[in-house]
Amino acid sequence: MNKELITIQAMKYGNRLHYEWNTMLLEKTDTHIFVLSERGRQLHHYTRGKTFICDHWTIEFFSFDSWYTVSADVADGKIFQYYCNINQPAVWNGNTVSYVDLDLDFVQRNNIWKVVDEDEFAVNSVELSYPPDLVERARVELKSLQQRVENRQFPFDGTIERFIEAIPGRGGVEN
């Protein structure tokens, strides 16, 4: 695979580095990027002081104007899990894309979508001094993301699936 290598950085409010990993750029437009993160990559989690090894290929979406990210885990040539962060829009700087994670997450596991980390959002809203308008914006953006998923709007309209073929070994089929 001959793709450009970039770094993704998730920040906490106040621009404190939360975690980062390296990934391969699949598509870049004025409004978003799609990347492919390989199975076995290292995720450096600075908040927890640990490095994790990721077990699956993921196709990830980062928007420069929307308040969410999407990570789609792929195995056996199919997406089996989605993990979406509510965050401030991503920023491209050199070969790094960063975004401020606002804790609220919308995930799909076993074909069931649910909101997670509301407790973390409540704690960090106080501890990291989220302004009231940011708290409200995060909640509005979560509702908007839920509607986007329900209505199968971009990138949940089949766009993510078209990148499965970029995964070596027959679309992420585990060997």
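Structural remarks
- Subset tally (residues that are within 16 Å of Y99 (Cβ to Cβ) and of a type in the set (K, R)) for region 14-40: 2
- Among the residues making up region 41-71, those that are in a strand (DSSP E or B), over 15 Å from S98 (Cα atoms) and open to solvent by 30 Å² or more (accessible area, probe 1.4 Å) are Q42, K50, T51, F52, I53.
- Number of residues in region 1-30 that are more than 18 Å from I167 (Cβ to Cβ) and open to solvent by 60 Å² or more (accessible area, probe 1.4 Å) equals 6.
- The set of residues in region 53-111 that are of a type in the set (K, R) and more than 20 Å from L145 (Cβ to Cβ) contains only K78.
- In region 90-118, the residues that are closer than 17 Å to R16 by Cα, polar (S, T, N, Q) and in contact (Cβ under 8 Å) with a residue 24 or more places away in the chain: T96, S98
- Every test in (1) closer than 17 Å to I8 by Cα; (2) open to solvent by 30 Å² or more (accessible area, probe 1.4 Å); (3) not β-branched (V, I, T) is passed by N111 save one, and that test is (1).
- Flag for E38 being touching a Leu at 6+ places or on another chain (Cβ under 9 Å) and either open to solvent by 50 Å² or more (accessible area, probe 1.4 Å) or among the charged types (D, E, K, R) (or both): no
- Scanning region 124-146 for residues that are farther than 14 Å from S66 by Cα and open to solvent by 100 Å² or more (accessible area, probe 1.4 Å), we see that the one that is nearest to the chain's Cα centre (by Cα) is E136.
- Residue match in region 72-83 (condition: open to solvent by less than 10 Å² (accessible area, probe 1.4 Å), within 11 Å of the chain's Cα centre (by Cα) and among the β-branched types (V, I, T)): no
- Of all residues in region 143-157, those that are of a type in the set (G, A, S) have Cβ atoms under 8 Å from Cβ atoms of residues that are surrounded by 13 or more Cβ atoms within 10 Å (Cβ to Cβ), 6 or more apart or on another chain, in S144/W67.
- S98 closer than 19 Å to L26 by Cβ, open to solvent by 30 Å² or more (accessible area, probe 1.4 Å), modelled with pLDDT of 95 or more and under 15 Å from the mean Cα position of the chain (by Cα): yes
The values are calculated or read from the model by the stated rules, or taken from the named source; none is laboratory data. Small disclaimer: the values here were computed from a predicted structure and weren't measured. Virtual Cβ from ideal backbone geometry, glycine too; neighbours counted across all protein chains shown. Ligands, DNA and RNA are stripped out before the accessible areas are found, and what is left, the full protein with its side chains, is counted by its heavy atoms. Shrake-Rupley method; radii C 1.70, N 1.55, O 1.52, S 1.80 Å.
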